[in-house]
1. Out of the residues in the range 74-114 meeting the condition of being among the hydrophobic types (A, V, I, L, M, F, W, C) and in a loop (DSSP other than H, G, I, E, B), tell me which one is surrounded by the fewest Cβ atoms within 10 Å (Cβ to Cβ).
2. Could you tell me which numbered condition T79 fails, if it satisfies all but one of (1) over 30 Å from K101 (Cα atoms); (2) at pLDDT 95 or above?
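The values are calculated or read from the model by the stated rules, or taken from the named source; none is laboratory data. As the structure is a prediction and not an experimental result, all values here were calculated from the model. We place every Cβ from the backbone using ideal geometry, glycine too, and count neighbours over all the protein chains shown.
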Amino acid sequence: MFFIAHNLFFAQAAAPASGTSGQAQPSMLMTFAPMILLFVMMYFMLIRPQQQKSKLQGEMLKTLKRGDRVLTSSGILATIVSVGEKSITIRSSDTKLEVQKSAVTEVLERSSEA
């Protein structure tokens with residue numbers, strides 16, 4: 001395998017540089033087109049959906065209010081007792097806990113309070 005690559009390298013190096021070999025050099029755009037296409041695909045398949053999910057999560061956290069039934073990242077199903085700036089107080093069965101707002105992953109039921 002080494003010999004094939006080695007011979008190919010020297011065969012290209014020995015070819016005249018004047019362009020008389022009959023092969024046109026690819027343009028700069030054609031050289032970078034696959035990388036550009038790959039980046040665009042990665043943006044639309046990975047980066048953009050993550051940004052949208054993060055935006056929806058932030059909006060959901062801003063709309064938390066007393067009485068909402070929530071699910072936390074640790075799996076606790078609870079009802080919100082009070083909402084602070086960065087934390088919320090929740091009640092689950094007979095337990096009252098204070099957790100960060102970011103621990104809320106889903107609002108299961110919105111409260112009927114206005």
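1. A114
2. For T79, the exception is condition (1).
Quick grid of which residues meet (1) modelled with pLDDT under 80; (2) within 25 Å of S102 (Cα to Cα); (3) in a loop (DSSP other than H, G, I, E, B):
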residue: I4; (1), (2), (3): yes, no, no
residue: F10; (1), (2), (3): yes, no, no
residue: Q23; (1), (2), (3): yes, no, yes
residue: L38; (1), (2), (3): no, no, no
residue: K53; (1), (2), (3): no, yes, no
residue: L56; (1), (2), (3): no, yes, no
residue: L64; (1), (2), (3): no, yes, yes
